[in-house]
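**Q** Provided herewith is a single structure, encoded as structure tokens, for subsequent inquiry.
The values are calculated or read from the model by the stated rules, or taken from the named source; none is laboratory data. In this text the structure is predicted, and so the values were computed from the model without any measurement. With ideal geometry, Cβ positions are generated from the backbone for all residues, glycine too; neighbour counts draw on all protein chains shown. Areas reflect the complete protein model, heavy atoms only, side chains present, ligands, DNA and RNA absent. Shrake-Rupley method; radii C 1.70, N 1.55, O 1.52, S 1.80 Å.
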Amino acid sequence: MPPAMSEDGSAPALGGPPALPECIKDPEIPKTGWERIRELFQPNEQGSYPEEVQNVAKGALTGLMLGWVYGGIPAARLSKERFIQQSQADVYCHRVEAVRAAHNAALRGFIRYGWRWGWRVAAFATIFNSVSTGLSVYRDEVVLSHYAAAGGVTGGLFRIHLGLRGLLGGSLIGALLGVPAGALISGLQALSGENVREKKQRERRHLYHHKLEEWDARLQITDEVLQEMGAAGIESAETHVEKIDELLQLPRNPESEAEEG
């Protein structure tokens with residue numbers, strides 16, 4: 001690969017490695033765990049965040065939708081039945097009006113109780129995925145103990161209002177539930193042939209080699225342009241010299257000679 005220019009436009013020292021631009025970073029994963037954690041909150045060149053952060057956001061949205069449906073559908077049915085029982089003595093002008101009122105009661109129940117379940121499930125999924133992802137990124141490996149720890153932390157936080165006994169009980173139940181959840185997630189990742197960490201390392205190396213090829217192509221184009229400009233300058237200088245020689249070889253004007261005489 002041709003030698004690259006440094007940031008200030010000067011050529012690198014002879015015998016030293018060529019300087020690469022800042023956009024071409026080291027393909028290796030950062031060495032320390034805190035560096036990998038900080039990398040999660042740094043967007044790439046396209047402005048998008050790493051896949052781990054996107055998975056946490058997708059898990060929160062999925063939990064919100066599932067919790068809303070799980071709590072909203074039974075609440076809508078119960079609200080509709082309760083409204084019908086409580087409105088036996090009410091008089092409506094038309095049957096459509098009565099049906100519309102019952103549907104409105106079911107909709108209110110769906111929104112009210114669905115939201116109560118939805119945000120709880122979303123918070124549970126967010127905390128669980130955040131802790132498991134943080135441990136996996138920090139230790140640069142994916143094991144079941146990370147999911148067990150994430151389940152314990154999440155269960156303890158949701159039962160901390162019950163005191164120390166609730167904290168310990170919630171942590172124990174959460175850890176027990178985190179093991180099968182982690183096994184399911186790991187199994188789904190194993191079906192694809194690689195986990196999230198292996199996939200990220202492969203993508204980083206692929207992007208690194210792609211940027212190196214692009215940088216090499218740009219340097220080659222720059223060299224070709226410089227060579228063409230140099231050749232054009234030499235041809236232009238030779239043309240000017242030939243024209244000057246032709247002008248000097250032309251006969252002098254007789255009138256100018258008479259004036260000089």
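**Q** When you look at LEU207, is it farther than 24 Å from LEU64 by Cβ, open to solvent by less than 60 Å² (accessible area, probe 1.4 Å), under 26 Å from the mean Cα position of the chain (by Cα) and not charged (D, E, K, R), yes or no?
**A** No: the conditions fail for LEU207.
**Q** Let me ask something additional. Name every residue in region 146-165 that is surrounded by fewer than 14 Cβ atoms within 10 Å (Cβ to Cβ) and not in a loop (DSSP other than H, G, I, E, B), in order of residue number. So that I can check it myself, show each step before the final result.
**A** At the first step, the residues of region 146-165 found to be surrounded by fewer than 14 Cβ atoms within 10 Å (Cβ to Cβ) are 160-165.
If the condition is that a residue be surrounded by fewer than 14 Cβ atoms within 10 Å (Cβ to Cβ) and not in a loop (DSSP other than H, G, I, E, B), then ILE160, HIS161, LEU162, LEU164, ARG165 are the ones that fit.
**Q** Could you look through region 169-194, keep only residues that are free of Cβ contacts under 8 Å to residues at least 24 places away in the same chain and among the hydroxyl-bearing types (Ser, Thr, Tyr), and pick out the one that is least open to solvent (accessible area, probe 1.4 Å)?
**A** SER171
**Q** Quick check on region 24-33. Is at least one of its residues part of a helix (DSSP H, G or I), out of contact with any strand residue (DSSP E or B) (no Cβ under 8 Å at 6 or more places or on another chain) and at pLDDT below 80? If you could, list the steps in order and put the result at the bottom.
**A** Residues of region 24-33 that are part of a helix (DSSP H, G or I), as a first pass: 33.
Applying the additional criterion that residues be out of contact with any strand residue (DSSP E or B) (no Cβ under 8 Å at 6 or more places or on another chain) yields 33.
Now drop any that are not at pLDDT below 80, which leaves 33.
Within region 24-33, one or more residues are part of a helix (DSSP H, G or I), out of contact with any strand residue (DSSP E or B) (no Cβ under 8 Å at 6 or more places or on another chain) and at pLDDT below 80.
**Q** Any residue in region 111-134 that is in contact (Cβ under 8 Å) with a residue 40 or more places away in the chain sitting within a Cβ distance under 8 Å of a residue that is open to solvent by 50 Å² or more (accessible area, probe 1.4 Å) and outside any helix (DSSP H, G or I)? List the pairs, counting only those 6 or more apart or interchain.
**A** Every condition considered, no pair remains.
**Q** Mind listing whichever residues of region 117-136 are hydroxyl-bearing (Ser, Thr, Tyr) and surrounded by fewer than 20 Cβ atoms within 10 Å (Cβ to Cβ)?
**A** Just the residues of region 117-136 that are hydroxyl-bearing (Ser, Thr, Tyr), to begin with: 126, 130, 132-133, 136.
Matches in region 117-136: THR126, SER130.
**Q** Of everything in region 45-97, what is of a type in the set (S, T, N, Q) and either open to solvent by less than 70 Å² (accessible area, probe 1.4 Å) or at pLDDT 90 or above (or both)? Give them in sequence order. Give the steps one after another, and end with the answer.
**A** Let us first name the residues in region 45-97 that are of a type in the set (S, T, N, Q), namely 46, 48, 54-55, 62, 79, 85-88.
The answer is SER48, ASN55, THR62, SER79, SER87.
**Q** Also: Restricting to region 182-198, name every residue that is within 22 Å of ALA150 (Cα to Cα) and not hydrophobic (A, V, I, L, M, F, W, C).
**A** Within region 182-198, the subset within 22 Å of ALA150 (Cα to Cα) is 182-190, 194-198.
Passing the criteria: GLY182, SER186, GLY187, GLN189, GLU194, ASN195, ARG197, GLU198.
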